[in-house]
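To start, the structure itself, in structure tokens.
The values are calculated or read from the model by the stated rules, or taken from the named source; none is laboratory data. Keep in mind that what you see is a predicted model, and the values were worked out from it rather than measured. Backbone-built Cβ (ideal geometry, glycine too); neighbour counts: all protein chains shown. Accessible surface is based on the protein model in full, side chains and every heavy atom, while ligands, DNA and RNA are left aside. Shrake-Rupley method; radii C 1.70, N 1.55, O 1.52, S 1.80 Å.
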Amino acid sequence: MVHVLTRGGNVGLAQAGLTGPVVVTLTWTPAPGVDADLSAFLTTAAGKVRSDADFVFYNQPSGAGGAVRHLGKTARGGATVDQVRIDPAALPADVEKVVIGASLDGAGTFGALSGLAVEVGPDGGAAAIRCELAAGAETALVFAEVYRRGAEWKVRAVGQGFTNGLAGMATDVGVRVDDEPAPAAQPAPQAQPAAAPVSMEKRRIVDLEKKLATSAPQMLSLVKTAGVSLEKRGLGEHTARVALVLDISGSMAALYRAGAVQRLAERVLALGLRFDDDGVVDVFLFGKDVHRPEPGLRLEGHQQYIADLSRQYPLEYDTRYGAAMAAVRQAYFGDSRERVEPQPAQVPVYVMFLTDGAPSDKSVATKQIKSASFEPVFWQFMGIGPERQFSYLQRLDDLDGRYTDNADFFAVSQDDLMGSRPISDDALFDRLMTEYPDWLRRARAQGLLVR
């Protein structure tokens, strides 16, 4: 069986029957004067290479001690085939992803090349995964990525394009590309070094931490811990709007009483204080109906916020994801109807979506996540309970047919949040940021973010 992926779709290597080294094959049909060359980049959790040695191509055909090898370019009928072999088990622990792309060898664009596709299969075997890609004015194109998800390795069809060739694709992951030697600089008179400028966002964070040191020292600790996780991913001065979507179905009663929802809300507030210069997390509640409490979650009164909500909004007896997602899209983008074209904006939206069970409106939720993939909004789903009871969210996480992969899911138990040995704050923030940085890069490349 061949798993066919659309752009943004992903599948586990083991699920596709691939349990050892894999060969990723890029194919295209050359046009007169236009061909392409494969490149692979080994990146960390921050989406960047550790050094230029993590750039694998025809002139540097091996990376990570041979865990990634460029096999070279051959002809297959009238098509060109360029391949890279990846042994996930041999990759260093700090390499989270192998990004596989190609740049043009000659003038023109990828739109001039027909038959663009990526295949993944066992070393010496038939393809188990395939995706056909469309291209236009791009002069470099990321075809796919093989990435670590917990203990599992997966492959995602990407289709991210660049109009500035290899330089654009390589610098996006931190490789230095020098097109021409810089002219020799004339010696300049020595001067006292100027102090490095401090950005407005950095200054805001410093001011925030000073305020928290006196008014909310516990929240200061959470904000700093969140900052460490963000810095690791290159998001230390990132700006985004933050929303918290909370399930208020009757089955959530014990989680509200135990303080598990309050604990999570405080961690989301820490992200909101780092991300959003108004310091407010927008809150949406859903059960049978959807509610948007005003004001949202903010520093003032945050210790009692969930208790106050529980008194104002009794638990309800339904679980309607789709209705909640429609309300979020309506609030941020002015429309919750079906969308088939990109809707760009300057600032992304990060949605933390908490639930303890499956929805009653699955078909509506599926349509909503597909339409939302055309908007600059990322959905971080978190289930409280055994992972096996969230099969729908797992399918939503890996859903085909989206403009870009715009969601992530993980599950925790109540003990993980409130037990004698709860998940640490730094580990929780890391899980909240597992896929968001990659989504940001895709959103920028695909025109969803315009700054």
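Here are the numbers for this structure:
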item: Helices (runs of 4 or more DSSP H) wholly inside the stretch 249-319 that include at least 3 residues being farther than 30 Å from residue 237 by Cβ and at pLDDT 90 or above; result: 253-258, 305-312
item: Scan of the stretch 393-443 for residues that are in a strand (DSSP E or B) and surrounded by fewer than 21 Cβ atoms within 10 Å (Cβ to Cβ), ordered by number; result: 410, 411, 412
item: Test: residue 123 is modelled with pLDDT under 90, in contact with a Pro (Cβ under 7 Å, 6 or more places away or on another chain) and acidic (Asp, Glu); result: yes
item: Hey, residue 99 within 21 Å of the chain's Cα centre (by Cα), part of a loop (DSSP other than H, G, I, E, B) and either hydroxyl-bearing (Ser, Thr, Tyr) or surrounded by 14 or more Cβ atoms within 10 Å (Cβ to Cβ) (or both) or not; result: no
item: Among residues of the stretch 2-44, those that are over 21 Å from residue 446 (Cα atoms), touching a residue at least 24 places away in the same chain (Cβ under 8 Å) and part of a loop (DSSP other than H, G, I, E, B), counted; result: 11
item: Per-region count, the stretch 246-267, residues over 18 Å from residue 317 (Cα atoms) and either open to solvent by 30 Å² or more (accessible area, probe 1.4 Å) or out of contact with any strand residue (DSSP E or B) (no Cβ under 7 Å at 6 or more places or on another chain) (or both); result: 6
item: Residue pairs meeting the criteria (Cβ under 9 Å; at least 6 apart or on separate chains; first touching a residue at least 40 places away in the same chain (Cβ under 8 Å) and in a loop (DSSP other than H, G, I, E, B), in the stretch 125-147; second surrounded by 20 or more Cβ atoms within 10 Å (Cβ to Cβ) and among the basic types (Lys, Arg)); result: 133/7
item: Cβ-Cβ under 7 Å pairs, at least 6 apart or on other chains, the stretch 88-104 side in the same structural domain as residue 28 (by the TED database) and within 25 Å of residue 30 (Cβ to Cβ), far side among the polar types (S, T, N, Q) and open to solvent by 10 Å² or more (accessible area, probe 1.4 Å); result: 103/139; 104/139
item: Among the candidates 270, 213, residue that is in contact (Cβ under 8 Å) with a residue 12 or more places away in the chain and either on the phi < 0 side of the Ramachandran plot or open to solvent by less than 30 Å² (accessible area, probe 1.4 Å) (or both); result: 270
item: Pair list, Cβ < 7 Å and 6+ apart or interchain, from the stretch 342-358 residues that are over 10 Å from residue 241 (Cβ atoms) to residues that are open to solvent by 50 Å² or more (accessible area, probe 1.4 Å) and small (Gly, Ala, Ser); result: 356/251; 357/251
item: Count of residues meeting criterion [in contact with a Leu (Cβ under 8 Å, 6 or more places away or on another chain), in a strand (DSSP E or B) and either open to solvent by less than 20 Å² (accessible area, probe 1.4 Å) or at positive phi (or both)] in the stretch 56-82; result: 5
